[in-house]
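Data block below; observations after.
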Amino acid sequence: MSIQSSIPNQKVSSAPAWRRPGGGPSRFRTWAVVTGAAAAATVGLLVPSAADAAQIHQPLPVSVSALPHGGRSTAPGGSQLGGHHSLPQSDKATQVHMVFVNKTGQMLTLTAASCSGLDAHWETQPPATLAPGATGNASAYSAGDAQIDLTYTGADDSAVFKLQGITPLVGSNSASGSSSSASYTVSAKAGSGYNPTDNYTIEPGAPSATPASPCSTPSRPA
């Protein structure tokens, strides 16, 4: 059985009825394929025009480069590149933690402090004063090489103590200390990896003197 369609030269076919179990007849219809002008009209409803299509933004390709500082260092005292590369967490590619002890017997006052590196930030700022026997802490992080420089001055004799810690993206970590007075020494030990702890001790003492060369025995006259 066929039904005349309102579209010229098109027919709508009707499948024979089938009977549902225990019920009346049921029919379904299959519509003929639409062609010609009607098809163009139908497609026009589904496909955007050229002006509309220009407004559709295609997703841009995203490229993420693996950064070298994601690896872990196993070299003692250094932050050599590791074997695994990944993106850093936030901008904490490297960090420097400093722990320093005042054994000078006098109050030390912070006279200068700086952290440097790419987008460097303090995590723990150093204490403004360091009492005799007290321990101080300072910490900073960076998206590149991280560095901290501290200067403390003695309240009694104005001795100046400088502390420095560096954690580079490539290369070995370093920690150093110096004193303007021969009555004190500053020992420094660098930690390893990209998040090291450097330790410093400011204490009385003088650099060991170079031993004198033994005296030669004067020769006897002949």
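The values are calculated or read from the model by the stated rules, or taken from the named source; none is laboratory data. Since the model is a prediction, treat every value here as computed from it, not as a measurement. Ideal geometry is used to build each Cβ from the backbone, glycine not excepted, and the neighbour counts take in all protein chains shown.
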Among the numbered conditions (1) outside any strand (DSSP E or B); (2) more than 17 Å from the chain's Cα centre (by Cα); (3) at negative phi, tell me where Tyr200 comes up short.
-> (1)
Selected residue [more than 18 Å from Ala128 (Cα to Cα) and in the same structural domain as Ser116 (by TED's automatic domain parsing)] from Ala155, Ala175 | Ala175
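Would it be correct to say that Gly177 is under 27 Å from Ala93 (Cα atoms) and touching an Asp or Glu at 6+ places or on another chain (Cβ under 8 Å)? Please lay out each step first, then the result.
On the way: under 27 Å from Ala93 (Cα atoms): yes; touching an Asp or Glu at 6+ places or on another chain (Cβ under 8 Å): no.
Judged against the criteria, Gly177 is not a match.
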Being surrounded by 20 or more Cβ atoms within 10 Å (Cβ to Cβ) and aliphatic (A, V, I, L, M) is the filter; apply it to the range 103-141 and report the residue that is farthest from the chain's Cα centre (by Cα).
-> Leu108
